[in-house]
Amino acid sequence: MTVREVYVADAVRTPVGRYGGALAGVRPDDLAAHALTALLARSPGLDPARVDDVVLGNANGAGEENRNVGRMAALLAGLPVTVPGTTVNRLCASGLEAVVQAARAVAVGDASVVIAGGVESMSRAPWVLPKPERAFPAGHQELISTTLGWRLVNARMRPEWTVALGEGAELIADRHGIGRERQEAFALASHAKAARAWRDGHYTAEACPVPGTELPRDETIRDGGTPAALARLKPSFRPGGTVTAATSSPLNDGAAALLITDEAGLAATGREPLARVAAGAVTGIEPRLFGLGPVEAMRRALAKAGRRFADLHTVELNEAFAAQVLGCLAELPELDPAVVNPRGGALAIGHPLGASGARLAGAVAHQLAAHGSGTGVAALCVGVGQGLALVLER
């Protein structure tokens, strides 16, 4: 079987909204549909009927996503009803998983043009009410939030596997001696880089603001933060701990979409590709150390691509927590920190779970296109102990 070359023809994303913020009034299916519409509008020569599939990542699925937000968004975006749609879930890496699955389908000839991406509205994530063990219970019933983290945990799960995400970050800080001041300095740098990138127009090529909202840039970026302000915050997850709200990614809303094609599909778009998909890898790790998942995933993906860390022009490594990224860097001494998240990361931009991986892949593709050549990696840690990485080249 001949494996086809796979291209990222284009990539867009919405500005990321804060929890309860500018995008809170937008349903997730509408948010995803907007990203799809914006993506296709940028390739007017492409007949939407040529899209073989829509693959979207989503970490919730319990509310207005209506279980299969990929299909819902395709219909709402006005694609022909003959264009199918599916939804994938690898928690925080769902959007990148969608890109990987789309690229795999194109590589083996199952598709020529696929829209891949992700969406999450953490603002609109519903509460769920478990069914009672018996009919007509007389007592009060508890509503469970689906916004983030563990819920309805199986009693057979080992307790050390189900620690809170923030406690997992604290464990990584313990493991590598990453103090609070270092985490806060990393967070401040993330905000400064993201703010500068927006000011300098580096996000213009990929931004697709949502109509009817007043959100020209990512809503959780803070300009002018100071070490003194961050030092006043209380630890969020452990008494006397080092991880605070400032060094944790916020709760967010957003969507992203990429156009994944083979040579024939690329010709139909009339576009020069942003990048080529080289290789990907997914790995597992001890669940409580989930934040270190990208380490082995990046190593394996680069090995598959025949590249070294020294070859990397840019890396988009999701900032679930400052301690988590710093822990990954500690375990990857061959990776130059200067190429990691050059335009800011999730601590500033935000982490709308199902969309983040697609945002990272799109960011790498646009950075490679702007540079004109090079190799880049998009990678994320995944709750419950996984890592996913994708290598792009130009």
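Once you reduce segment 89-124 and segment 174-214 to the center of their Cα atoms, the two points are 24 Å from each other.
Using a 1.4 Å probe over the heavy atoms of the protein chains, calculate the carbon and sulfur portion of the accessible area of the chain as a whole percent. Carbon and sulfur together cover 53 percent of it. For Ala278, the residues 5 or more places off, or on other chains, whose built amide H falls under 5 Å of its own are Val391, Leu392, Glu393. Residue by residue, segment 231-247 carries 3J(HN,Hα) couplings of 5, 7, 6, 7, x, 8, 10, 8, x, x, x, 10, 9, 10, 4, 6, 9 Hz when phi is fed to the Karplus relation 6.51 cos²θ - 1.76 cosθ + 1.60 (θ = phi - 60°); x denotes Gly or Pro. In terms of packing, defined here as the mean over residues of other Cβ atoms within 10 angstrom, the peptides 33-44, 297-308, 150-161 line up highest first as 33-44, 297-308, 150-161. Near the amide H of Ala59, within less than 5 Å, lie the amide hydrogens of Gly354, all on another chain or at least 5 residues away, with H placed in the peptide plane. Sequentially through segment 117-131, phi angles give Karplus couplings (6.51, -1.76, 1.60; θ = phi - 60°) of x, x, 8, 8, 10, 6, 4, 9, 4, x, 8, 10, 10, x, 5 Hz, Gly and Pro residues having no value and appearing as x. Here the extension length gained between Glu5 and Ala164 equals 53.2 nm, from 0.36 nm per residue of separation less the Cα-Cα distance. Taking all protein chains as shown and a probe of 1.4 angstrom, Tyr19 keeps an accessible surface of around 110 Å².
Our coupling estimate for segment 351-367, obtained by passing each phi through the Karplus curve with A = 6.51, B = -1.76, C = 1.60 and θ = phi - 60°, is 9, x, 2, x, 8, 4, x, 5, 4, 5, 4, x, 5, 4, 4, 5, 5 Hz, Gly and Pro reported as x. Each of Trp127, Ala358, Asn68 was placed along the dipole of the chain (beta-carbon charges, centred on the mean Cα), and the one lying farthest toward the positive end is Trp127.
Solvent-accessible surface of the chain, taken per residue with a 1.4 Å probe and all protein chains present: 41 Å². Separation of segment 273-331 and segment 1-50, taken as the distance between their Cα centroids, equals 24 angstrom. Comparing Ala310, Ala378, Ala98 in a Gaussian network model of the chain where C-alpha atoms under 10 Å apart are linked, the largest mean-square fluctuation is found at Ala310. Taken over the Cα atoms of segment 89-179, the convex hull encloses 229 Å³ per residue. Considering only Leu96, Leu148, Leu380, the Gaussian network model of the chain with Cα springs below 10 Å gives its largest mean-square fluctuation to Leu148.
Figure legend: label point modelled 7 angstrom from the Cα of Arg308 along Cα→Cβ; residues of segment 339-383 with amide N under 18 Å from it are 339, 374-377. The heavy atoms of Asp110 present about 120 square angstrom of accessible area, all protein chains included, probe 1.4 Å. Taking amide hydrogens as placed 1.01 Å from N in the peptide plane, the amide H of Gly374 sits under 5 Å from those of Arg394, each at least 5 positions away in sequence or on another chain. Of the residues Glu214, Glu334, ranked by 1.4 Å probe accessible area with the largest first, the sequence reads Glu214, Glu334. Only DSSP H runs of four or more residues enter the estimate; each adds -39500 (n - 2.57), and after division by the residues of the chain the mean residue ellipticity at 222 nm equals -10000 deg cm²/dmol.
Classify segment 167-301 as rounded, prolate or oblate, taking a ≥ b ≥ c as the square roots of the eigenvalues of its Cα gyration tensor: rounded when a/c is under 1.5, otherwise prolate if a/b is larger than b/c and oblate if not. In terms of gyration-tensor shape, oblate.
Taking the DSSP beta bridges with both ends in the chain, the antiparallel portion is around 70 percent.
Just checking the listed ones, Leu251, Leu143, Leu230: in the Gaussian network model of the chain with Cα springs under 10 Å, the one fluctuating most is Leu143. With N counted as the residues of the chain, its alpha-carbon radius of gyration over 2.2 N^0.38 Å works out to 0.94.
The values are calculated or read from the model by the stated rules, or taken from the named source; none is laboratory data. Owing to the predicted nature of the structure, the values given are computational and were not obtained by experimental measurement. A quick note on method: Cβ atoms are made from the backbone with ideal geometry, for glycine too, and the neighbour counts reach across all protein chains shown. SASA here: full protein model, heavy atoms, side chains in, ligands and nucleic acids out. Shrake-Rupley method; radii C 1.70, N 1.55, O 1.52, S 1.80 Å.
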